[in-house]
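Read the structure below first, then the notes.
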Amino acid sequence: MSTDTFHIYLTNTAPSNTADFIRSDCAPMANGNGYNQTALTGTNWTNATGTASFKANNSIVFTGDANAFGPFRYVVMLNNNSDANANNCCLIAYWDYASAINCNNGETFTINPPANKLIFSIT
């Protein structure tokens, strides 16, 4: 995983922990109007003393244009290297924003990693 590329996409379809394994199981919102599926940059994967950690250092910002984008409620992370066909890429995690969001002209939606940069760890 240390050399893989991870992407973030937005969707209004609720991901399922038991049924959604690849992107086609939980379709992304259409690209456009200030939104495009985006690579998560500044990531690193470490494995030390029995704990593997995935961290992200950089924020992602989407800015609505004149036509706006949305609605979306979920931010989904996938491993873009897991298959040559983007629809078969493996889902890794998702975040639920509790209600649908729209981004109008000039409004931004920012995904910030936590202060410790940790997205998840496995022990």
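The values are calculated or read from the model by the stated rules, or taken from the named source; none is laboratory data. Everything numeric in this text was worked out from a predicted model, so none of it was measured. FYI the Cβ positions are ideal-geometry reconstructions off the backbone, even for glycines, and counts take in every protein chain you see.
Below is a table of values for the structure above.
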read-out: Cross-chain or 6+ apart pairs with Cβ under 6 Å, the stretch 21-33 first and part of a helix (DSSP H, G or I), then of a type in the set (A, V, I, L, M); value: ARG23/LEU78
read-out: Members of the stretch 55-68 found to be buried (at least 20 other Cβ atoms within 10 Å of the Cβ) and either more than 16 Å from the chain's Cα centre (by Cα) or among the basic types (Lys, Arg) (or both), listed by number; value: none
read-out: Every pair of residues 6+ apart whose Cβ atoms lie under 9 Å, when the first sits in the stretch 36-50 and is more than 20 Å from LEU10 (Cα to Cα) while the second is aromatic (Phe, Trp, Tyr) and surrounded by 12 or more Cβ atoms within 10 Å (Cβ to Cβ); value: ASN44/PHE54; TRP45/PHE54; THR46/PHE54
read-out: Pair list, Cβ under 7 Å, 6 or more apart: the stretch 70-91 residue under 14 Å from LEU40 (Cβ atoms) and among the basic types (Lys, Arg), other residue surrounded by fewer than 20 Cβ atoms within 10 Å (Cβ to Cβ) and modelled with pLDDT under 90; value: none
read-out: Checking VAL61 against (1) touching a helix residue (DSSP H, G or I) at 6+ places or on another chain (Cβ under 6 Å); (2) more than 11 Å from PHE6 (Cβ to Cβ); (3) in a strand (DSSP E or B), the condition it does not meet; value: (1)
read-out: Residue that is nearest to the chain's Cα centre (by Cα), among those in the stretch 1-45 that are farther than 18 Å from ALA100 by Cα and small (Gly, Ala, Ser); value: ALA39
read-out: Tally, over the stretch 4-18, of residues that are within 16 Å of PHE109 (Cβ to Cβ), in a strand (DSSP E or B) and of a type outside the set (A, V, I, L, M); value: 3
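Residue by residue, here is whether (1) at pLDDT 90 or above; (2) in a strand (DSSP E or B); (3) surrounded by 12 or more Cβ atoms within 10 Å (Cβ to Cβ) holds:
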{"site": "ALA39", "(1), (2), (3)": "no, yes, yes"}
{"site": "SER53", "(1), (2), (3)": "yes, yes, yes"}
{"site": "GLY70", "(1), (2), (3)": "yes, yes, yes"}
{"site": "ARG73", "(1), (2), (3)": "yes, yes, yes"}
{"site": "ASP83", "(1), (2), (3)": "no, no, yes"}
{"site": "TRP95", "(1), (2), (3)": "yes, yes, yes"}
{"site": "ALA98", "(1), (2), (3)": "yes, yes, no"}
{"site": "THR110", "(1), (2), (3)": "yes, yes, no"}
